[in-house]
Amino acid sequence: MTIFKKIIDREIPADIVYEDEECLAFRDINPQAPVHLLVIPKKEISAVDALSPEDKTLVGHIFLVIQQLAKEFSLEDGFRVVTNNGLLAGQTVPHLHFHLLGGRPLLWPPG
Ligand code: 5GP
């Protein structure tokens, strides 16, 4: 069981900022920007490469939640959505998650 599943199940605490039937959003424990949220599906999907056609609506829903959170956290000047997939990308938790980063200028290209 991943740490994110434990957060979904309330087995470990997190600063949860949004929840509905399909997804959960909480503050990253090691924030890389003034606003650094993680938006995750409740369904256990390990990464982007494990998505299937039946997840289409779920992923679309998550992006609309991200849009809403960006407004709520006053990120109208810009924000970044990042998903790391696999070892080389630095994915450390094998439960699909979208980083929502903002509140400072974000450099490009990323490291
Ligand atoms: P990844 O490196 O897999 O793309 O991102 C995993 C993220 O989860 C990291 O930014 C890390 O700080 C965050 N994280 C890991 N464990 C926990 C935890 O127990 N609670 C919270 N809130 N964030 C976590």
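Table for the structure above
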| quantity | calculated |
| --- | --- |
| In segment 22-34, residue nearest to the chain's Cα centre (by Cα) [restricted to those that are in contact (Cβ under 8 Å) with a residue 40 or more places away in the chain and open to solvent by less than 80 Å² (accessible area, probe 1.4 Å)] | A25 |
| Answer from E11, E21, E54, E44 - the residue that is acidic (D, E), more than 25 Å from G103 (Cβ to Cβ) and either touching a Leu at 6+ places or on another chain (Cβ under 9 Å) or near the ligand (Cβ under 9 Å from one of its atoms) (or both) | E44 |
| Residue among S52, S74 that alone is open to solvent by less than 50 Å² (accessible area, probe 1.4 Å) and either acidic (D, E) or out of contact with any strand residue (DSSP E or B) (no Cβ under 7 Å at 6 or more places or on another chain) (or both) | S52 |
| Single condition L37 does not satisfy, out of (1) open to solvent by less than 40 Å² (accessible area, probe 1.4 Å); (2) touching a helix residue (DSSP H, G or I) at 6+ places or on another chain (Cβ under 8 Å); (3) more than 10 Å from the ligand (Cβ to nearest atom); (4) not aromatic (F, W, Y) | (3) |
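This table checks each residue for (1) away from the ligand (no atom under 16 Å from the Cβ); (2) acidic (D, E); (3) modelled with pLDDT of 95 or more; (4) within 17 Å of V35 (Cβ to Cβ).
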{"position": "L58", "(1), (2), (3), (4)": "yes, no, yes, no"}
{"position": "L75", "(1), (2), (3), (4)": "yes, no, yes, yes"}
{"position": "N84", "(1), (2), (3), (4)": "no, no, yes, no"}
{"position": "G90", "(1), (2), (3), (4)": "no, no, yes, no"}
{"position": "H95", "(1), (2), (3), (4)": "no, no, yes, no"}
{"position": "L101", "(1), (2), (3), (4)": "no, no, yes, yes"}
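The values are calculated or read from the model by the stated rules, or taken from the named source; none is laboratory data. Not measured: the values here are computed from a predicted model. Neighbour counts are summed over all protein chains in view; Cβ atoms, including those assigned to glycine, are modelled from backbone coordinates with ideal geometry. Protein only, heavy atoms only, side chains kept; ligands, DNA and RNA dropped before computing areas. Shrake-Rupley method; radii C 1.70, N 1.55, O 1.52, S 1.80 Å.
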